[in-house]
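Chemist: Sharing a structure here in structure tokens format.
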Amino acid sequence: MHALRRAQRRSRLRRPAALAAVAAATLAATLLAPSASAGPAPAAALAAAPDIPVANVKAHLAQLQSIATANGGNRAHGRAGYKASVDYVKAKLDAAGYTTALKTFTYNGATGYNLIADWPGGDASHTVMAGSHLDSVTGGPGINDNGSGSAGILEVALAVSRAGLQPTKHLRFGWWGAEEYGMVGSKNYVNSLSSTDRSSIEAYLNFDMIGSPNPGYFVYDDDTKLDNLFKTYFSGIGVATEPETEGDGRSDHAPFKNAGIPVGGLFSGADYTKTSAQASKWGGTAGQAFDRCYHASCDTSANIDDTALDRMSDAIAHAVWTLGTESAPPPGKVFENTTAVAIPDAGAAVTSSITVSGVAGNAPAALQVGVDIKHTWRGDLVIDLVAPDGSSYRLKNSSSNDSADNVITTYTVNASSEVANGTWKLKVQDVAAQDTGTIAGWKLTF
């Protein structure tokens, strides 16, 4: 995990087969409920994901420990231990039938590496991606942070191969470099994607520290569907969870989230202190950090809770199997405008228009408004959707706390009272000085 720090929580117990079946049935029932946003899942999704042997995950951690020991005690960006770690993971995936690619970038004068692995098949326009940073800090081998997440998704990827899984959606896995310097590798990857590539990723799942020795069970709460998927799984095996909120923006999910991609994930805790209530709920030691060896030389293969590692790895498999085998939503009618429109600094509002035709009746209650605005300080921006009759729907308010750049996301608008056909407008105004931007494009999906 990135050095700015991140959140924590935890628990114990192995998943027996009976509980796994209960979890699978509960999860399937939840995802098949009429209100599920992704639509009904096929029969294949009802099959439980395979149990992920924790011994296999620990064997990968032992290899990463050996690599660190042989390379100055760490696996940090720009060091020989990191490249050796990438080579180890890549060899396993190549042998399992994945299409792998090393993506290079430069940071602090050193070459960095992202490893991307694609499982053949599945609809590439509906991609499910799991990722984890593979680098450590320079001060230790980084076995929990983040060998644990890297080993967990590696073993799930290998389980996909062993099962000969034929997913309906495309499966992709990523191992990121230079996360400890501020998510450098994952930012580089997301920035390299075209708008089409970005929109094809339906979910990005991040796993950064999943075997903390005094563990918590924290679920990213950035996306309702993905949040519920993990919470339902853990409820099915009798493990309580808490939202992972303190780590927002501090691991590799952040670049994906900022690009408008739905994100989810799991976390077992870093250097925050476990409370008495959490210890009562999950076991472990109150008043002690979730990981006392966070970013330290003692983050070795001895710095792992096997139960947490096992449960988290099984949960990753459940997510990959469930999301990867559900039906893709039916295609809608898409109308797009890619003509660039400059946004005046602290000036009048500008608009970009889309003329919709051939759509019967009113717009849907879940009209999708995809926005791609390049801007140096998005907190200055006020964004509205204007319907053909002049009705206005606020998409985004200005905020002095919204300090990131760009607005690349999809908004959902209840426009069911509006006639679909006609000219719709995206209205954008920069309300404060010193920053510039452009509407690069936008689209409506009915």
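The values are calculated or read from the model by the stated rules, or taken from the named source; none is laboratory data. Every value quoted in this text rests on a predicted model; they were computed, and no experiment measured them. Don't worry about glycine lacking a Cβ; one is built from the backbone with ideal geometry, like all the others, and counts go over all protein chains shown. Remember, those area values only see protein heavy atoms, side chains included, never the ligands or the DNA or RNA. Shrake-Rupley method; radii C 1.70, N 1.55, O 1.52, S 1.80 Å.
Chemist: Restricting attention to segment 385-395, does a residue exist that is under 22 Å from residue 262 (Cα atoms), out of contact with any strand residue (DSSP E or B) (no Cβ under 9 Å at 6 or more places or on another chain) and open to solvent by less than 40 Å² (accessible area, probe 1.4 Å)?
Modeler: no
Chemist: Within segment 26-37, identify whether any single residue is at pLDDT below 95, in contact with a His (Cβ under 9 Å, 6 or more places away or on another chain) and surrounded by 14 or more Cβ atoms within 10 Å (Cβ to Cβ), and answer yes or no.
Modeler: Yes, segment 26-37 has at least one match.
Chemist: Only one of 280, 212 is closer than 19 Å to residue 312 by Cα and not in a strand (DSSP E or B); which? Break it down stepwise before answering.
Modeler: Values: 280 fails: closer than 19 Å to residue 312 by Cα.
Step by step, each of 280, 212 is checked, and only 212 is closer than 19 Å to residue 312 by Cα and not in a strand (DSSP E or B).
Chemist: So which of 297, 276, 301, 280 is over 30 Å from residue 392 (Cβ atoms), in contact with a Leu (Cβ under 6 Å, 6 or more places away or on another chain), open to solvent by 50 Å² or more (accessible area, probe 1.4 Å) and hydroxyl-bearing (Ser, Thr, Tyr)? Can you show your working first?
Modeler: Details: 297 fails: in contact with a Leu (Cβ under 6 Å, 6 or more places away or on another chain); 276 fails: in contact with a Leu (Cβ under 6 Å, 6 or more places away or on another chain); 280 fails: in contact with a Leu (Cβ under 6 Å, 6 or more places away or on another chain).
Criteria check complete, one pass: 301.
Chemist: Could I ask something else about it? Identify, from the list 232, 285, the residue that is over 14 Å from the mean Cα position of the chain (by Cα), among the β-branched types (Val, Ile, Thr) and assigned to a loop (DSSP other than H, G, I, E, B).
Modeler: Numbers: 232 fails: assigned to a loop (DSSP other than H, G, I, E, B).
It is 285.
Chemist: How about segment 195-224: which of its residues are open to solvent by 10 Å² or more (accessible area, probe 1.4 Å) and either of a type in the set (Phe, Trp, Tyr) or touching a strand residue (DSSP E or B) at 6+ places or on another chain (Cβ under 8 Å) (or both)?
Modeler: 195, 198, 199, 200, 202, 221, 222, 223
Quick grid of which residues meet (1) assigned to a strand (DSSP E or B); (2) buried (at least 22 other Cβ atoms within 10 Å of the Cβ); (3) free of Cβ contacts under 8 Å to residues at least 24 places away in the same chain:
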{"position": "88", "(1), (2), (3)": "no, no, no"}
{"position": "101", "(1), (2), (3)": "yes, no, yes"}
{"position": "104", "(1), (2), (3)": "yes, no, yes"}
{"position": "112", "(1), (2), (3)": "yes, yes, no"}
{"position": "124", "(1), (2), (3)": "yes, no, no"}
{"position": "128", "(1), (2), (3)": "yes, yes, no"}
{"position": "140", "(1), (2), (3)": "no, yes, no"}
{"position": "144", "(1), (2), (3)": "no, yes, no"}
{"position": "147", "(1), (2), (3)": "no, yes, no"}
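Chemist: Something else: Take the residues in segment 90-99 that are in a helix (DSSP H, G or I) and in contact (Cβ under 8 Å) with a residue 24 or more places away in the chain, then tell me which one is most open to solvent (accessible area, probe 1.4 Å). Talk me through it step by step, then tell me what you get.
Modeler: Of the residues in segment 90-99, the ones in a helix (DSSP H, G or I) are 90-95.
Now narrow it down to the ones that are in contact (Cβ under 8 Å) with a residue 24 or more places away in the chain: 90, 92-93.
Numbers: 90: 53, 92: 83, 93: 0 Å².
Of everything passing the filter in segment 90-99, 92 is most open to solvent (accessible area, probe 1.4 Å).
Chemist: Of the residues 440, 415, 433, which single one is assigned to a loop (DSSP other than H, G, I, E, B), under 23 Å from residue 199 (Cβ atoms) and touching a residue at least 24 places away in the same chain (Cβ under 8 Å)?
Modeler: Numbers: 440 fails: assigned to a loop (DSSP other than H, G, I, E, B); 433 fails: under 23 Å from residue 199 (Cβ atoms).
Of the residues listed, the single one that is assigned to a loop (DSSP other than H, G, I, E, B), under 23 Å from residue 199 (Cβ atoms) and touching a residue at least 24 places away in the same chain (Cβ under 8 Å) is 415.
Chemist: Identify, from the list 300, 339, 307, the residue that is out of contact with any Asp or Glu (no Cβ under 9 Å at 6 or more places or on another chain), closer than 21 Å to residue 149 by Cα and part of a loop (DSSP other than H, G, I, E, B).
Modeler: Values: 339 fails: closer than 21 Å to residue 149 by Cα; 307 fails: part of a loop (DSSP other than H, G, I, E, B).
It is 300.
Chemist: Still on this model: Inside segment 149-178, can you point out the residues that are more than 21 Å from residue 312 (Cα to Cα) and either part of a helix (DSSP H, G or I) or touching a strand residue (DSSP E or B) at 6+ places or on another chain (Cβ under 6 Å) (or both)?
Modeler: Within segment 149-178, the subset more than 21 Å from residue 312 (Cα to Cα) is 164, 166-170, 177-178.
Hits for segment 149-178 are 169, 170, 177, 178.
Chemist: Tell me whether segment 318-330 contains one or more residues that are buried (at least 19 other Cβ atoms within 10 Å of the Cβ), outside any helix (DSSP H, G or I) and touching an Asp or Glu at 6+ places or on another chain (Cβ under 6 Å).
Modeler: So the first thing to find is which residues in segment 318-330 are buried (at least 19 other Cβ atoms within 10 Å of the Cβ), and the list is 318-326.
From the residues that got through so far, the ones that are outside any helix (DSSP H, G or I) too are 326.
Checking which are touching an Asp or Glu at 6+ places or on another chain (Cβ under 6 Å) leaves us with none.
No, every residue in segment 318-330 fails to be buried (at least 19 other Cβ atoms within 10 Å of the Cβ), outside any helix (DSSP H, G or I) and touching an Asp or Glu at 6+ places or on another chain (Cβ under 6 Å).
Chemist: Moving to a separate point now. So which residues in segment 157-184 are within 23 Å of residue 125 (Cβ to Cβ) and β-branched (Val, Ile, Thr), if there are any at all?
Modeler: Passing the criteria: 160, 168.
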